[in-house]
Amino acid sequence: MNQLKSRYKVVIYDCDGVMFDSLESNYVFYNRVMSHLGRPDLDRADIQARTVLHTYSFNDVMDYFFVNDDRRDAAMAFAKTIRYRELAPYMRMEEGLVETLDRIKGHVSLAVCTNRASSMEMIIEDFGLSGYFSCVMTASQVRYPKPHPEPLLKVLDHFGVTPAEALFVGDAEVDRQAAAGAGVPFVAYKSDLPALARIVHHGEIFNYLF
């Protein structure tokens, strides 16, 4: 495999829904905020709310749930007291992720582009992913998080590559829009979104690299 040359130079991964099944941890997080303010738990049947809490940045999620609510600042303050490691037990790494990273590392550079803010570095460390990703781009490092293309454009700048030299693996509409805005080919993970390719297992990315 050492003789293989990838047609891409960088593979960029979204975190939630791609690297990790983290939906439950997100519900736990935001339900703690709701409970603190005396509001009921989020309705799990509300598809729009589920999409927002699982794919948008923290600030955008809080804007969504606390629009026209004068307790937004109190909610923000309490949310920032919740520690990531209290939520880690509710997260599960996607099957085949590490094996895939091991297989393609050395052939392409690896990056993360997520709407998480402060927890991504801890997640990488706690789940044994240190050393895989040369660039970890979070919402805290940009002015405009996904679906804006700024995070992906900053990843491209970090590696000094063109959009066509990277792949972005995502699962949500915000990922697709960011990829389209940045001109980066998009691979949809466990999703029917329009994409260069759709995969249901991480190992399938290998078919599009070589």
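Data table
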quantity: Label point distance in nm, ALA117-ASP192, each placed 7 Å from Cα along Cα→Cβ; calculated: 3.5
quantity: Two-site label geometry, VAL67 and VAL98: point separation in nm, points 7 Å out along Cα→Cβ; calculated: 4.2
quantity: 3J(HN,Hα) from dihedral phi, the stretch 167-180, Karplus parametrisation 6.51/-1.76/1.60, rounded to Hz, x for glycine, proline; calculated: 10, 10, 9, x, 10, 10, 4, 5, 5, 4, 5, 5, 4, 4
quantity: Only Lys, Arg (+1) and Asp, Glu (-1) charged, at Cβ; the chain dipole about Cα centre in debye; calculated: 360
quantity: Among [x] 1.10; [y] 0.98; [z] 1.05, the entry derived from the coordinates for Rg/Rh (Cα atoms, Kirkwood Rh); calculated: [y]
quantity: Sites PHE159 and ASP126, calculated FRET efficiency, Cβ-Cβ separation with R0 22 Å, nearest 0.05; calculated: 0.30
quantity: Cα centroid separation - the stretch 21-66 against the stretch 72-143, whole Å; calculated: 18
quantity: Long-range HN-HN contacts of VAL112 with modeled amide H, under 5 Å; calculated: TYR13, CYS135, VAL136, MET137
quantity: Positive dipole terminus of the chain, leading residue within ALA179, PHE20, ILE104 (C-beta point charges); calculated: ILE104
quantity: Relative contact order (percent, whole number), the stretch 23-88, Cα cutoff 8 Å, 6+ residue spacing; calculated: 40
quantity: Gain in span if fully extended, LEU209 to ALA77, counting 0.36 nm per residue against the direct Cα distance; calculated: 43.2 nm
quantity: Under Karplus coefficients 6.51, -1.76 and 1.60, residue-wise ³J(HN,Hα) of the stretch 146-151 in Hz, glycine/proline x; calculated: 4, x, 5, x, 3, x
quantity: Relative contact order (%) - criterion: Cα under 8 Å, at least six apart; region: the chain; calculated: 26
quantity: Residue-wise HN-Hα coupling along the stretch 197-210, computed from phi with Karplus coefficients 6.51, -1.76, 1.60 (Hz; x: Gly, Pro); calculated: 8, 10, 10, 10, 9, 4, x, 5, 4, 4, 5, 9, 9, 10
quantity: Amide H partners (placed H, <5 Å) of LYS190, local residues excluded; calculated: ILE199, VAL200
quantity: FRET efficiency, 1/(1 + (r/R0)^6) with R0 30 Å, evaluated for LYS105 and ASN59 via beta carbons; calculated: 0.35
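No value in this document is a laboratory result; all are computed from the given coordinates. These numbers come from a predicted model, not from an experiment. Positions of Cβ are generated from backbone atoms using ideal geometry, with glycine treated the same way; all protein chains shown enter the neighbour counts.
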